[in-house]
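The values are calculated or read from the model by the stated rules, or taken from the named source; none is laboratory data. What you see is a predicted model, and the numbers here were worked out from it, not measured in a lab. Neighbour counts run over all protein chains shown; Cβ positions are idealised from the backbone, glycine included. The accessibility values were calculated without ligands, DNA or RNA, using every heavy atom of the protein model including side chains. Shrake-Rupley method; radii C 1.70, N 1.55, O 1.52, S 1.80 Å.
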2 protein chains.
Amino acid sequence: MHLKRLILATLTVSVLTTSAFANEPIQPITVPTNINSAQAELGKKLYFDPRLSKSGFISCNSCHNLSMGGTDNLTTSIGHNWQEGPINAPTVLNSSMNIAQFWDGRAADLKAQAGGPIANPKEMAFTHELAVDVLASIPQYVDEFKKVFGAEKITIDEVTQAIAEFEKTLVTPNARFDQWLAGKKEALTADEEAGYKLFKESGCVACHNGVAVGGSMYQKMGLVSPYKTDNPAEGRKAVTGKDADRFFFKVPTLRNVELTYPYFHDGAAKTLTEAVDIMGRLQLGKQFTTEENAKIVAFLKTLTGEQPSFMLPILPPSTDKTPHPEPFVKK
Amino acid sequence: MHLKRLILATLTVSVLTTSAFANEPIQPITVPTNINSAQAELGKKLYFDPRLSKSGFISCNSCHNLSMGGTDNLTTSIGHNWQEGPINAPTVLNSSMNIAQFWDGRAADLKAQAGGPIANPKEMAFTHELAVDVLASIPQYVDEFKKVFGAEKITIDEVTQAIAEFEKTLVTPNARFDQWLAGKKEALTADEEAGYKLFKESGCVACHNGVAVGGSMYQKMGLVSPYKTDNPAEGRKAVTGKDADRFFFKVPTLRNVELTYPYFHDGAAKTLTEAVDIMGRLQLGKQFTTEENAKIVAFLKTLTGEQPSFMLPILPPSTDKTPHPEPFVKK
């Protein structure tokens, strides 16, 4: 009888928990359980290691700063030799949930993405070969790669695999909205809940849905009315070559959007208020009132989850054989 | 009787521990106990916050990287707009033990130092007023400053005080050499111990002594033979105005010197081997043999202590009122 009641209670909880968000277009973040922790630990060091750049100054964390929502909070990023980056740095947080990586989706996954900035002359301005040479000159890295991958030689494939594995850990569960989804109704204020209702009813949710509240599709920037920008990025067209894909960009995640300002692929919207207004007009043909806008913004701020929590990694020192960084060499 | 024996035993241990290093010119690092932890926690955030720079890209940690021995491991640092810094960035580790701050000692203490780079047009290129404006626009900072300092208004004085308090926590105890000093003779190899003997007998210890193995005096770079460099820094002369102080620099700490390459105020020595050779010839009039050099280098590597260990700080987000960073505005 006691057992029966327990089973019944468990079933009830389970049903309640499920039904709490089963019909919602947004699902709560769950923490991944299939992480290779040895790879992720190595990847964490690499993520913070500026020796993967030509200058010895820029690491993954420079533009995808984990103290700052996984972004640099700049309109476009600063690259090697203070070059102005072409596009707004998207957050690395929850990026494992994206359909593909980069605004135009040109990398299939995090591993394919990780190699990009290292070799991009406007970003870290290094080469994969030189990056591997640096790591191979550092015995502690050599040992750790060997331990983690079982191979004698460090390869860029292992480097990007380790970074990607670390990035998979960068999820932000337990946002107030997720608590609300799970049934804790007091987790949202009335305005925040009204904002969510507006977000759904106005059609925002057509693109910003799923666990990441985005990241699952491409959509045209300027769907109803054209988007005006000086930024030359053409979006998916650069990948597919099709004119029809011009200005189609990956719909960004709205998770932690409170932290990932400024907004859009060109970083032109400085505030959430501005971003919501522009999205309403250009994507939905809808002019939100000041009150509606404020409610949607209030809802969006409930998507801020628990930020990555880990010890600052200590990097193994270079040796006499390590190639020197070249921050001021122009070529 | 039992108590008497205990007291005797305690006394013996105490005498042994003290006598183990009482006659040595280097003392072990002890962890400070007089830290204001609320100030230090706030200071940690500020130390990692690039919004204290004009670009929104450069934080204290950019050039005094706590993943990398509290330095940037560059010859001279990269500043705002990729400007080439004038001098090698000294380590922040154990810097509370320095007689004064900067290579020329122009700042009396860590608090006086902390304001320098923020307002230096070649470094963070901001102003103290603008830095305070940014912080004052962020409610979580306002609340924390109020809690920590009890004042309504954020001031640059509080900002630098908090950063300095955090920096006081950045000590690196328990190096193998400190373990050896404390009586654990097996903590050093025979070569390392021989290196220490050479270090003492050759006269290195005349300047590199005390807890920080340096940092306690100014000394002329090129004491016996002149030091040749393209770096225009004049050292203490820039502070005192006296010709006699030309090329006098603060003797750098050798704690964690394995991590703080490259060496000297101009960052010209890439390796410890090179640095030891030049120091021997120019400061002591002594040409170390390859074997002697190697032993001294082996000893120096025993000065690597426990690195700072803390969670990566999460920074409070900017608000709609926060002034925007200006990475690409030239003026």
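A few comments on the model shown:
- The lysine pair tally for region A:37-168, using Cα distances under 17 Å and a gap of 8 or more places or different chains, is 10.
- Here the peptides A:302-315, B:85-98 are ranked by packing, the mean other Cβ count within 10 Å, and the order with the highest first is B:85-98, A:302-315.
- Long-range amide H partners of B:Ala107 with built H, under 5 Å: B:Gln101
- Each peptide among B:191-200, A:235-244, A:292-301 gets the average number of other Cβ atoms lying within 10 Å of its residues, and from highest to lowest they stand as A:292-301, B:191-200, A:235-244.
- Put simply, the amide H of B:Asn65, placed in the peptide plane, has neighbours under 5 Å in B:Gly70, B:Thr71, B:Asp72, leaving out anything fewer than 5 places away on its chain.
- Region A:52-110-region A:259-331 distance, computed between alpha-carbon centres (Å): 10
- Solvent-accessible surface, computed for protein heavy atoms with a probe of 1.4 Å, shrinks by 50 Å² or more for the following residues of region B:63-86 when the other protein chains are added to the isolated chain: B:Ser67, B:Met68, B:Leu74, B:Ile78, B:Trp82.
- Nearest-first distances (nm) between copies at B:Ile35, label 7 Å from Cα via Cβ: 2.5
- Burial order of peptide ranges B:141-148, B:252-259 (average beta-carbon count within 10 Å, highest first): B:252-259, B:141-148
- For region B:119-172: rounded, prolate or oblate by the Cα gyration tensor [a/c cutoff 1.5]: oblate
- In the complete set of protein chains, residue-level accessible area for A:His324 is approximately 100 Å², probe 1.4 angstrom.
- Carbon/sulfur fraction of accessible area - region A:247-301, other protein chains in place, 1.4 Å, %: 59
- Kirkwood-based shape ratio for region A:154-242, expressed as Rg/Rh from alpha carbons: 1.10
- Computed with a 1.4 Å probe over protein heavy atoms only, the accessible surface of chain B comes to 45 Å² per residue.
- Virtual spin-label span in nm between B:Thr189 and A:Val224, 7 Å along Cα→Cβ: 7.2
- 0 to 90° range, to nearest 10: angle between helix A:156-168 axis and chain A longest Cα axis: 30
- Distances in nm from B:Lys122 to the matching label points in the other copies, shortest first (labels 7 Å along Cα to Cβ): 3.0
- The overall shape of region B:176-303 is prolate: from the C-alpha gyration tensor, with semi-axes ordered a ≥ b ≥ c, the ratio a/c is 1.5 or greater and a/b exceeds b/c.
- Note on A:Asn120 and A:Ile99: the extension gain reaches 5.3 nm, defined as 0.36 nm multiplied by sequence separation minus the Cα-Cα distance.
- Two-decimal Rg/Rh across region A:37-168, once Rg and the Kirkwood Rh are taken from alpha-carbon atoms: 0.95
- Beta bridges assigned by DSSP with both partners in the protein assembly as shown are antiparallel in approximately 90 percent of cases.
- Prolate/oblate/rounded call for chain B, Cα gyration tensor, a/c under 1.5 rounded: oblate
- Nearest-ten-degree value, helix B:190-201 long axis tilted from longest Cα axis of chain B: 80
- Chain A residue with Cβ closest to the axis mapping A onto B, distance in whole Å: A:Trp82, 2
- The 3J(HN,Hα) values that the Karplus relation (6.51, -1.76, 1.60; θ = phi - 60°) gives for region B:230-246 are, in residue order, 7, 6, x, 4, 9, x, 4, 4, 5, 9, 8, x, 8, 4, 4, 8, 4 Hz. Gly and Pro appear as x.
- Shortest-first nm distances, B:Ala190 label point to equivalent points in other copies (7 Å, Cα→Cβ): 8.3
- Electrostatic tally near A:Lys122: other residues with Cβ closer than 12 Å to its Cβ, Lys and Arg +1, Asp and Glu -1, net -1.
- Cβ-derived FRET efficiency at R0 25 Å, B:Ala108 paired with B:Glu152, nearest 0.05: 0.35
- Helix B:2-22 axis, angle to chain B major axis (alpha carbon atoms, nearest 10°): 80
- Cα Rg over Rh - region A:239-326, Kirkwood: 1.20
- Spherically averaged projected area of the protein assembly as shown from its Cα convex hull (nm²): 38.7
- Interface burial for B against A (accessible surface, 1.4 Å probe, total of both chains, Å², rounded to 100): 3900
- Carbon plus sulfur fraction of accessible area for region A:73-149, probe 1.4 Å, in percent: 55
- In sequence order, region B:261-269 has phi-based couplings of 4, x, 10, 6, 5, 9, x, 7, 8 Hz under the Karplus curve 6.51 cos²θ - 1.76 cosθ + 1.60, θ = phi - 60°, and Gly or Pro positions carry x.
- Surrounding net charge for B:Ser53, when Lys and Arg each add one and Asp and Glu each subtract one, Cβ distance under 11 Å: -1
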